[in-house]
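Heads up: the structure comes next, in structure tokens.
The values are calculated or read from the model by the stated rules, or taken from the named source; none is laboratory data. This is a predicted model, so every value here is computed, not measured. All Cβ positions, even for glycine, are placed from backbone atoms using ideal geometry, and neighbour counts span all protein chains on display. Remember, those area values only see protein heavy atoms, side chains included, never the ligands or the DNA or RNA. Shrake-Rupley method; radii C 1.70, N 1.55, O 1.52, S 1.80 Å.
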Amino acid sequence: MSNLTKSQQEFVNSSSKFIRLLAPAGCGKTFSIIEKIKNICVHNPKDKISVFTFTRGAADEIRERCDNDTCVTVNTLNSWGNNYIKSNVLKNAQIISTPKDRKFCLLNHLQPIWDKPEYRQTFGKLFTSRSKTRHSETFLEIMDEFKNIGFVHTKFTKDAKANTATYEKHIEFIKEVGLQRYYEALTEILKHALGVVCTDEKQTTDFMVNTWIPFWKDCCDQMQAAGLYTLDDQKYLANIALLKKVEKGEKWNGTAKIDYIFVDEFQDTSPLDLILISNLQQLNEAGLVIVGDDDQAIYEFRGATPYFILHPDKIFSQSFTTYILDENFRSPANIVEKSMYLISNNKNRVTKNVSAHNTTDSAEIQLLTYSTQEEMIDNVIQDIKNTVDTKGETVAVLSRLKASLLPYQVLLTKESVPYYVSDDLAFFLTGAAESLNRVMEIKKKKTEPTRADLIELVCLDSKNEIYKTQKDTLTRLFLANNVKKANIEEALCAIAEKYPKQFQNLFTDAFITHFMNAMDKFLKADNVYNTLECMLRDFQGLKQNYSRSLEDLYYRDPPLASLLDFASKYGDDYEGFLEDFNAAIATASMAKDSNDRLFDTEPARVFLSTALRVKGQQFDKVIILNVDDGTWPKSQAQTNDDAYEAERRLFYVATTRSKKALHLYRGNEYHNESTTISPFVFEGHYNE
């Protein structure tokens, strides 16, 4: 106990049954949890404690540091729920975890649902179309997201009026806790997939209550009857079972009873997580200790919200005692000081006064501004090399957007600097990267395009994917009609007219006109930069496309604009560009085949990531890219106070990952437009 700070001692010795521990980064959160658990075990050795974490790694750490005490169980909510439903809800259950599983589930087990007369017109046509694989992914994800945001299918009946009341009551909850933006994005995905247009909230409510929810409810019942469940169902089905017991007024006693529930990283809880914790607490009449940091609530895109940790009294209808850890053991004094300057600008938070344990340590903090993006990128690469080669230290290169990391993947590969990047950030593993590669090969030849070249360009200008069978047919038709650049316009018109079933909807007059214009600009482009700019601006097949993003992550956030940031250095050297591009593809493929653990092997000490992925981690040096207004914060967030504060929390998390150095990079120009420094830089005094 002598090693505890004053704030830690107050928390550990508290006799309160309901406690909120606010633990800023580096303030000894896990150590405090362990000491609290030990204190309970000493004074009440018969008490049983359940600790819930959000990752298996965190669960393993707490379990090990508790010396595997038999009175303490440590689980993720998923693992606890999985064990519960396999023992109490679903016998001989089968989990659906792979794309193949999901496709089989929807197209087979759920066919009796979407093939019902009342659903066939709206849903059946999607699951019998050529895009059925893509749609099966979409709808099972949406079904899970509705569970995650707190809807419970068993609360809906055949009574439309009652269903409307149930739905609207939950929508009020969603608005109150600050998840309206998340829910609106979810419903937009659903309506887009179904081709539904709603002009106001009432139409949306009618669509959700009368169309989507009955379908969703029947699918949920059908899956449960078949003994099938998803990863989200591990919590969802356990929650439904617990809810029934709570509604009956049951209590757990004897060996099943839990006396204390600890929840780590509570700011990351979704409504589903929250309801499961609440039901478990009520069944056991257990003490509840929630631990987290409202300033690090950055997972709203997953359905989490800072509201839960800010207002636990309202959520649980209990009075919580709050303790705040106020001494940072990990970060240098100036990092801690500036982070407090920054985050104090948020109004929707609990005030904290955190100071560094070692007041003499100081990180190197620099704001580095360059004339252009190309100059900035070159200097970032040099900074990385100096840090890794000279000092042997770890470096995190953090961006707000995935696309911003693309140039660094190419150039670090060129410089033979190993790096780590997660699969969902790896553009070079996508089909779009392969398409771009093939099309750049056309420019590399610097000759008249062949028939195969022309087909590639046609495919590149199509908004919808041209499948292999279509492409094979097109190849035969181009050969039969001796299609060349000079007669391709007439050929496309003739093919559409002669083969309407396959090509009429594709080769419309508007498409052909657009394609001829795009092809002409592409063939006239005289260097790598102009070629990429043309592809980005003029070819429809490389633009953001939700439908195609379900199979190819490129289309969620097309990164070609980031390639432009360094493309001019190649001039008209298409061969040099393709050599570096192909090397990056090869590196990404090798990384995918590895176990992909951060710093698992030497000498890779560079981590390329978005800021969203680094909470809980720390590095010797942190490089933050593009610290400009419009990026930090994103321009879309600047008209919404909640979104703006969420962006500030994200910047706070990014800047507090550094142990020795924090370098903030920006360019005065981005694609020939002037930029201004992020307001967060001034709020945190990072420019001083």
Suppose we keep only residues that are more than 38 Å from the chain's Cα centre (by Cα), within 26 Å of L532 (Cα to Cα) and not polar (S, T, N, Q) within the stretch 460-503. Which one would you say is most open to solvent (accessible area, probe 1.4 Å)? K484
I49 being farther than 30 Å from A333 by Cα and among the aliphatic types (A, V, I, L, M): yes
Matching residues, the stretch 660-688, being open to solvent by 50 Å² or more (accessible area, probe 1.4 Å), polar (S, T, N, Q) and either touching a helix residue (DSSP H, G or I) at 6+ places or on another chain (Cβ under 8 Å) or within 19 Å of I623 (Cβ to Cβ) (or both): N668, N687
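May I ask you to say which residue of K158, K202, K169 is modelled with pLDDT of 95 or more and open to solvent by 60 Å² or more (accessible area, probe 1.4 Å)?
Details: K158 fails: modelled with pLDDT of 95 or more; K202 fails: modelled with pLDDT of 95 or more.
Among K158, K202, K169, only K169 is modelled with pLDDT of 95 or more and open to solvent by 60 Å² or more (accessible area, probe 1.4 Å).
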Quick one: is A452 among the aliphatic types (A, V, I, L, M), farther than 23 Å from L578 by Cβ, out of contact with any His (no Cβ under 6 Å at 6 or more places or on another chain) and without any contact (Cβ under 8 Å) to a residue 24 or more places away in the chain? no
From R302, R330, residue being of a type outside the set (A, V, I, L, M), open to solvent by 50 Å² or more (accessible area, probe 1.4 Å), over 29 Å from E688 (Cβ atoms) and modelled with pLDDT under 95: R302
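Have a look at I335, I258, I240, I277 and point out the one that is touching a strand residue (DSSP E or B) at 6+ places or on another chain (Cβ under 8 Å), farther than 24 Å from K38 by Cα and not polar (S, T, N, Q).
Selected residue: I335, the only one of I335, I258, I240, I277 that is touching a strand residue (DSSP E or B) at 6+ places or on another chain (Cβ under 8 Å), farther than 24 Å from K38 by Cα and not polar (S, T, N, Q).
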Would it be correct to say that T98 is without any contact (Cβ under 8 Å) to a residue 60 or more places away in the chain, surrounded by fewer than 20 Cβ atoms within 10 Å (Cβ to Cβ), over 19 Å from G227 (Cα atoms) and of a type in the set (V, I, T)? no
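Please verify whether the stretch 598-606 includes one or more residues that are aromatic (F, W, Y) and either open to solvent by less than 40 Å² (accessible area, probe 1.4 Å) or at pLDDT 90 or above (or both).
Residues of the stretch 598-606 that are aromatic (F, W, Y), as a first pass: 599.
Still in the list and also either open to solvent by less than 40 Å² (accessible area, probe 1.4 Å) or at pLDDT 90 or above (or both): none.
Checked against the condition, which is being aromatic (F, W, Y) and either open to solvent by less than 40 Å² (accessible area, probe 1.4 Å) or at pLDDT 90 or above (or both), the stretch 598-606 yields no hits at all.
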Is it the case that E579 is at pLDDT below 95, charged (D, E, K, R), part of a helix (DSSP H, G or I) and over 21 Å from the mean Cα position of the chain (by Cα)? yes
Which listed residue is modelled with pLDDT of 90 or more, within 27 Å of E673 (Cα to Cα), open to solvent by 60 Å² or more (accessible area, probe 1.4 Å) and out of contact with any strand residue (DSSP E or B) (no Cβ under 7 Å at 6 or more places or on another chain), from D509, D573: D573
Taking Q9 as meeting all but one of (1) open to solvent by less than 30 Å² (accessible area, probe 1.4 Å); (2) modelled with pLDDT of 95 or more; (3) among the polar types (S, T, N, Q), write down the number of the exception. (1)
Condition check: of a type outside the set (S, T, N, Q), under 28 Å from the mean Cα position of the chain (by Cα) and under 24 Å from E201 (Cα atoms). Does F151 satisfy that? yes
Identify the single condition in (1) at pLDDT below 90; (2) small (G, A, S); (3) surrounded by 19 or more Cβ atoms within 10 Å (Cβ to Cβ) that S568 does not satisfy, given that it satisfies every other one. (3)
Identify the residue in the stretch 334-391 that is basic (K, R) and in a helix (DSSP H, G or I) and, among all such residues, is least open to solvent (accessible area, probe 1.4 Å). K338
E118 - would you say it is in a helix (DSSP H, G or I) and in contact with a Leu (Cβ under 9 Å, 6 or more places away or on another chain)? no
In the stretch 125-148, is there at least one residue being in contact (Cβ under 8 Å) with a residue 12 or more places away in the chain, under 16 Å from Q234 (Cβ atoms), touching a helix residue (DSSP H, G or I) at 6+ places or on another chain (Cβ under 7 Å) and assigned to a loop (DSSP other than H, G, I, E, B)? no
Exactly one condition in (1) open to solvent by less than 40 Å² (accessible area, probe 1.4 Å); (2) over 29 Å from Y182 (Cα atoms); (3) touching a Lys or Arg at 6+ places or on another chain (Cβ under 8 Å); (4) touching a residue at least 40 places away in the same chain (Cβ under 8 Å) is not met by D47; state its number. (3)
Keeping to the stretch 474-502, report how many residues are assigned to a helix (DSSP H, G or I) and in contact (Cβ under 8 Å) with a residue 12 or more places away in the chain. 15
Subset of the stretch 31-90, residues under 22 Å from A238 (Cα atoms) and among the basic types (K, R), comes to K48, R56, K86
Of the residues L274, L237, L283, L288, which single one is in contact (Cβ under 8 Å) with a residue 40 or more places away in the chain and not in a helix (DSSP H, G or I)? L288
Evaluate the following for T211: is it farther than 21 Å from D268 by Cβ, assigned to a loop (DSSP other than H, G, I, E, B), among the polar types (S, T, N, Q) and out of contact with any Pro (no Cβ under 7 Å at 6 or more places or on another chain)? no
Identify the residue in the stretch 106-115 that is crowded, with 19+ Cβ neighbours inside 10 Å and in a helix (DSSP H, G or I) and, among all such residues, is modelled with the lowest pLDDT. L106
Within the group G195, G254, G227, which residue is open to solvent by less than 20 Å² (accessible area, probe 1.4 Å) and modelled with pLDDT under 95? G227
For the stretch 520-537, which positions are surrounded by 20 or more Cβ atoms within 10 Å (Cβ to Cβ), touching an Asp or Glu at 6+ places or on another chain (Cβ under 8 Å) and under 15 Å from L460 (Cα atoms)? F522
So if I check each of K103, K91, which one is in a loop (DSSP other than H, G, I, E, B) and either under 30 Å from I213 (Cβ atoms) or open to solvent by 30 Å² or more (accessible area, probe 1.4 Å) (or both)? K91
Given (1) open to solvent by less than 20 Å² (accessible area, probe 1.4 Å); (2) over 28 Å from A23 (Cβ atoms); (3) of a type in the set (S, T, Y), index of the condition T269 fails: (2)
